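Below is one structure, written out as C-alpha cells, with a few remarks after it.
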Amino acid sequence: MRACSGLFHALKLAVYYNALNDSPPLEAENSADRLQELEKRIQLNFRDRRSLAQAFVHDSALNEVSQKSAMLESNERLEFLGDRVVGLSVAEYFFQESKGPEGDLSKSYDGLVNNKALAEAARRLQLGRYMMMGKGEESSGGRERDTELGACYEALLGAIFLEFGYSQASKFVIKSLIEKFS
C-alpha cells in the first residue's frame, strides 16, 4: 500500500509538472518508468517513491503552479538533509582512510564537498534530466547550472538517507562522489 501511494504522489508531481512545460523530461504518462530508470541508474529500489520524486522538484516549479503549490513541496528540505549526509560521509571516509594531519583531511574534504564536485557527480548520474523546474529557470540553463545540480544531488542523498538510512547513503556518496574523484 505504501509503495502504491508513493507512486501516486510521483505521478501527481509529474502531472503538475506537465502543466509547467509542454515537453518535460519527466512526463506524466511515463513518470513511473522514469523513476524506475533512475532507480536502476543509482542501483537502489525505493519502497516509497515520494521522497525520490520530491528530490527533483526545484522551487521555481512551485512559482508557476501557485494555486496547486500546497500539494507540491520543493526539494530544499531534502537538500538540507543531504548536505549534512554528504559532509559526514566524506569526513568519516577521509578520517578512516587517511592517516594524515587535520590540515590534509580538510583539504581533501574541501575538494569534494563543494558545488563543483557535487554538480559533476550529478552530471555523471544524469540527474538534470529528472529535475522539475519552472520555465524561466529552465530557459536560463538551470538544468545544467552547478548550483542546481549540486542541490539536486544533495536532495537525492537526503531521500536515500530517509529511505535506506545512513549506512546506505554513505555508500552512495563513496561510490558516486569519492571513488569517482580518487
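Derivation of every value follows stated rules applied to the coordinates shown; laboratory data play no part. Note that the structure is a prediction, hence the values are computed from the model and not measured. Note that we place each Cβ from the backbone using ideal geometry, even for glycine, and neighbour counts take in every protein chain shown.
Tabulated results
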read-out	value
Label-point gap, in nm, between ARG41 and ARG84 - each point 7 angstrom along Cα→Cβ	2.7 nm
Amide H contacts of VAL57 (H built 1.01 Å from N, under 5 Å, at least 5 apart or other chain)	ASN75, MET132
Spin-label model distance (nm) - ASP104 vs GLU144, 7 Å beyond Cα toward Cβ	3.9 nm
Residue order, fewest to most beta carbons within 10 Å, for PHE172, PHE181	PHE181, PHE172
